[in-house]
Amino acid sequence: MRYLSAAFTLIAGLGVFLTGMNMLSGGLQSAVGPALKKRLPRLPDNPLVGMSAGALAAAAVNGSGAVALTVIGLVNAGIISLTQAVNIIIGANIGTTLSGLIVALESLDITVYLSALSFAGLLLTALARRPALKRAGVAVTGLGLIFTGLSLLSASAAGFRDTGLFGLVFAGAKSPFLLVLAGVLLTAVFQSSAAVNGLIILVAVPYGAGGLDIIDGVYIILGTNTGSCITAIIASAGRGAAAKRAAAAQLIFNAAGTVFFAVLFGLTPPDMAAAYLQRTFSANVKFQLAWFNLFENLLSAAAALPFIRPLAGLTERLVRDNTDGQKMILRE
């Protein structure tokens, strides 16, 4: 009976959480999406500026997927150059980590107060006359629902841990490759690395405590970075070579970061890696994962700075422009 109760609580929590994520992203995209399309083409072809803009844009719309879709459309139309697109997409990886930090707040026992934002958002949507305020109300409602869903998910996770089911499920899934692959596949299914990362951050436990521990969570989060590329790949299908090159650049960059950190953690004894995460980031497991996700993307972006143009050149060699004499107008 406890399994059944925990399972239904899990399903309910997952539904509320994902609905909240969609409402938050949708409300923010409606509010700031048009401005992004106007401002991104005006950016100078400078890696730091482009990455910063991508990070801010992804944080503003609560996800890198929407930014990637916008960039794919702009580069396909010849409005921005391939190097500009790569800069923005890399920066978006940083901005999307904000959602993980929001989810980590669940561990501070303030979720019940933050859940009340859903009612505040409903009031704002119902009473506001200006469309911008109504869209903001939708986003605030979504944020409140996220924390409501987190409360339910936390309760279900506690129920599964009490029954020992988590230990049975994850006992045979300690392979780094399988965990990274799980992150890739889960992100492809949910079409949101932010949502998957949030769920992993929520259920992670300290190393050695059984179930999905901090090191398992690291591998899955690394997998979500690569899995997030599926949005750009799908969006680039049927479009010009420039769009496909931008999607390929994101895949190469994200996959390289995933492989590097997965190998690094694979070569490090798990207890030492767990101790390093605790010492470097936080004693709180959820914040350890959230801060690691931000750190990993920041470090990857910094390492990529000298290689933006070579990466763009590589994609130009990998993805040929087969249009007959048609030239893309790119602002260099």
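Please treat every number below as a calculation from the coordinates, not as lab data. The shown structure was predicted, so the numbers you read here are calculated from the model rather than taken from an experiment. In this analysis, Cβ positions are derived from the backbone assuming ideal geometry, glycine residues included, and neighbour counts consider all displayed protein chains.
First measure r as the distance between the Cβ atoms of LEU298 and ARG320, then evaluate 1/(1 + (r/R0)^6) with R0 = 45 Å and state the FRET efficiency to the nearest 0.05. Intermediate results must be reported in sequence, preceding the final value.
Working: r = 34 Å, r/R0 = 0.74.
E(calc), rounded to 0.05, equals 0.85.
Once both labels are modelled 7 Å past Cα along the beta-carbon direction, what's the PHE307-ASN46 spacing in nm?
2.4 nm
For Cα extents along the principal axes in Å, which listed value, (1) 67, 57, 33; (2) 73, 62, 38; (3) 61, 52, 41, comes from the coordinates shown?
(1)
Given the options ILE88, TYR207, PHE307, identify the residue whose Cα lies farthest towards the positive end of the charge dipole of the chain (+1 on Cβ of Lys, Arg; -1 on Cβ of Asp, Glu).
ILE88
Could you line up LYS38, LYS174, LYS134, LYS244 from fewest to most neighbouring Cβ atoms inside 10 Å? Kindly include the intermediate steps, with their values, before the conclusion.
On the way: LYS38 9, LYS174 13, LYS134 17, LYS244 23.
Exposure proxy ranking, most exposed first: LYS38, LYS174, LYS134, LYS244.
Among the lysines, which have Cα under 21 Å from the Cα of LYS244 when same-chain residues fewer than 8 positions away are ignored?
LYS37, LYS327
Below 20 Å, Cα to Cα, which lysines can LYS174 reach? Residues fewer than 8 away in the same chain don't count.
LYS286
Mean residue ellipticity at 222 nm from the helices of the chain, using -39,500 (n - 2.57) per DSSP H segment of n ≥ 4 over the full residue count, to the nearest 500 deg cm²/dmol? Don't skip to the answer; put the middle values down first.
Numbers: 17 runs with 259 residues, N = 332.
Calculated mean residue ellipticity at 222 nm is -25500 deg cm²/dmol.
Relative contact order for segment 172-253 using alpha-carbon pairs under 8 Å, separation at least 6, rounded to a whole percent?
On the way: 88 pairs, mean separation 27.3, N = 82.
With pairs under 8 Å counted, the relative contact order is 33 percent.
Among ASP45, ASP213, ASP109, rank each residue by its count of other Cβ atoms within 10 Å, from fewest to most, as a rough exposure measure. Write down the numbers at each step before the final one.
On the way: ASP45 16, ASP213 20, ASP109 8.
Ranked by crowding around the Cβ, least crowded first: ASP109, ASP45, ASP213.
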